[in-house]
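J.: One structure, as structure tokens, below. Some questions next.
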There are 2 protein chains.
Amino acid sequence: MILGIDPGSQLTGWGLVDHSGNRSVYLASGAFKLGSRRPLPERLLRLSEGLEDLLARYEPRHCAIEQIFTAKNARSALVLGHARGVILCAMARRGVLLHEYAPTQIKQAIVGVGRASKEQVQLMVGALLAHRGALQEDEADALAVALTHAACSGLAARIS
Amino acid sequence: MILGIDPGSQLTGWGLVDHSGNRSVYLASGAFKLGSRRPLPERLLRLSEGLEDLLARYEPRHCAIEQIFTAKNARSALVLGHARGVILCAMARRGVLLHEYAPTQIKQAIVGVGRASKEQVQLMVGALLAHRGALQEDEADALAVALTHAACSGLAARIS
């Protein structure tokens, strides 16, 4: 089972997929609503507690998350880093293995083109998982990185 | 009791001061050595567990931390944000009140000049707390922000 996370300081998306052989199956997804008006420490605590519940409930072995090289500016990198720090810490606490993928790797894995648009990625996530109904943007992004890890680890297994 | 924190992803300094009236007294200080070679999630977990022990042991009511507006680059802002996120989350979990101070506020409070050097701040911290023996740089920086909160909250109390 692979947990994908799309970190944000106001909304953090998550998605769980099961993967065996060449097939990935949708299990669950959602988003932690951290609130935009609450003080940052409270939002981070909400995120941490939400993750703890999620990890206790599903016990995933792997977590996939987007690798961040740059952000629009240092300020947004700093705030995004806060949420990411809480996520990485929660994974280490439960012994969940972390895998990071660059945005271009995710687009390549999901759409087949490293410069695909966000909309194309979201559309393909729904199609790949045969998911009925709309997925929130953050859920879809979280599922995309989970699917990327499924594809990459499947490929690694076939090579070895 | 005020806990000052100087966050870093390899070394996070901390310092505790007690404050009553106009006087601040040194209680304890140290640094969490998170290691530079370990994976970041492990380092963040070490930081989180170290903070939990510290908060359980001393039960400070207030935590003071440097406010970060900019960093040299987005990359270092992101990594610093990870450590800061874990710290803010640990404080919220224990109900410790967070206070943030800009670097110039800290220099102003400790040395009396907003453009003081790091060395001047460290020298003054030792003098203000009548601390014998050398303080590590990270400890001194953590004590500096704790003392800044002591000075600012003391001032606020005198005004009101």
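Bear in mind these aren't lab numbers, they're just calculated from the coordinates by the rules spelled out. From a predicted model like this one, the values you see are computed outputs, not experimental measurements. Ideal geometry is used to build each Cβ from the backbone, glycine not excepted, and the neighbour counts take in all protein chains shown.
J.: When the distances between all Cα atoms of the protein assembly as shown are binned every 20 Å from zero, what whole-number percent does each bin get?
T.: Final binned percentages: 31, 49, 18, 2.
J.: Here is a further query. In nm to one decimal, list the spacings between the A:Ser20 label point and its equivalents in the other copies, with label points set 7 Å along Cα to Cβ, shortest first.
T.: 6.7
J.: While we're looking at this one, here's another question. Between A:Ala134, A:Ala83, A:Ala116, which gets the highest mean-square fluctuation from a Gaussian network model of chain A, Cα cutoff 10 Å?
T.: With Cα springs under 10 Å in chain A, the top fluctuation among A:Ala134, A:Ala83, A:Ala116 is at A:Ala134.
J.: Still on this model: For a test of understanding, tell me how many lysine pairs in the protein assembly as shown have Cα atoms under 22 Å apart, given they are 8 or more places apart or on different chains.
T.: Lysine pairs satisfying the spacing and distance rule in the protein assembly as shown number 9.
J.: Just to confirm the numbers: A:Arg132, label point 7 angstrom along the Cα-Cβ line, distances to the other copies in nm, shortest first?
T.: 7.8
J.: Between chain B and chain A, with a rotation axis joining them, whose C-beta in B is nearest that axis, and what is the whole-Å distance?
T.: Residue nearest the B-to-A axis, with distance in whole Å: B:Gly81, 1.
J.: Would you kindly work out, in nm and rounded to one decimal, the distances from the label point of B:Ala102 to those of the same position in each other copy, ordered shortest first, with label points 7 Å along Cα-to-Cβ?
T.: Those separations, rounded to one decimal, come out as 3.7 nm.
J.: If you take each beta carbon of peptide B:31-41 and count the beta carbons of other chains within 10 angstrom, what is the mean?
T.: Other-chain Cβ atoms within 10 Å of each residue's Cβ, averaged: 2.
J.: Among B:Val79, B:Val121, B:Val17, determine the one that fluctuates most according to a GNM of chain B built with springs between C-alpha atoms less than 10 Å apart.
T.: Highest fluctuation among the options: B:Val79.
J.: Relative contact order for chain A using alpha-carbon pairs under 8 Å, separation at least 6, rounded to a whole percent?
T.: Relative contact order, chain A: 33 percent.
J.: Could you work out the helix-only [θ] at 222 nm for the protein assembly as shown, with each DSSP H run of four or more residues adding -39,500 (n - 2.57) and the total divided by the number of residues, to the nearest 500 deg cm²/dmol?
T.: When only DSSP H runs of four or more count, the value is -17000 deg cm²/dmol.
J.: Same structure again: Only bridges with both residues in region A:2-159 count here: give the DSSP antiparallel percent, nearest 5.
T.: About 60 percent, rounded to the nearest 5.
J.: Label A:Glu52 and A:Thr104 with points 7 Å out from Cα along Cα→Cβ: what is the distance between them in nm?
T.: Rounded to a tenth, the inter-label distance reads 4.0 nm.
J.: Below 14 angstrom from the Cβ of B:Glu137, what's the summed charge of the other residues (Lys, Arg +1; Asp, Glu -1)?
T.: -4
J.: Would you kindly state how much longer the chain becomes between A:Arg75 and A:Ser20 on full extension, computed as 0.36 nm times their sequence separation minus their alpha carbon distance, in nm to one decimal?
T.: 15.8 nm
J.: Of the candidates B:Gly30, B:Gly13, B:Gly114, which one comes out as most mobile in a Gaussian network treatment of chain B with C-alpha springs shorter than 10 Å?
T.: Sorting by GNM fluctuation, first place goes to B:Gly114.
J.: By its C-alpha gyration tensor, with a ≥ b ≥ c as the square roots of the eigenvalues, how is region A:19-160 shaped: rounded for a/c under 1.5, else prolate for a/b larger than b/c, else oblate?
T.: It comes out prolate by the Cα gyration axes.
J.: Please determine, in degrees from 0 to 90 and to the nearest 10, the orientation of helix A:137-159 with respect to the longest principal axis defined by the Cα atoms of chain A, where the helix direction is its Cα long axis.
T.: Rounded to the nearest ten degrees, it is 50.
J.: Considering only the protein assembly as shown, what is the antiparallel percent among its DSSP beta bridges, to the nearest 5?
T.: Approximately 60 percent, going by the DSSP bridge assignments.
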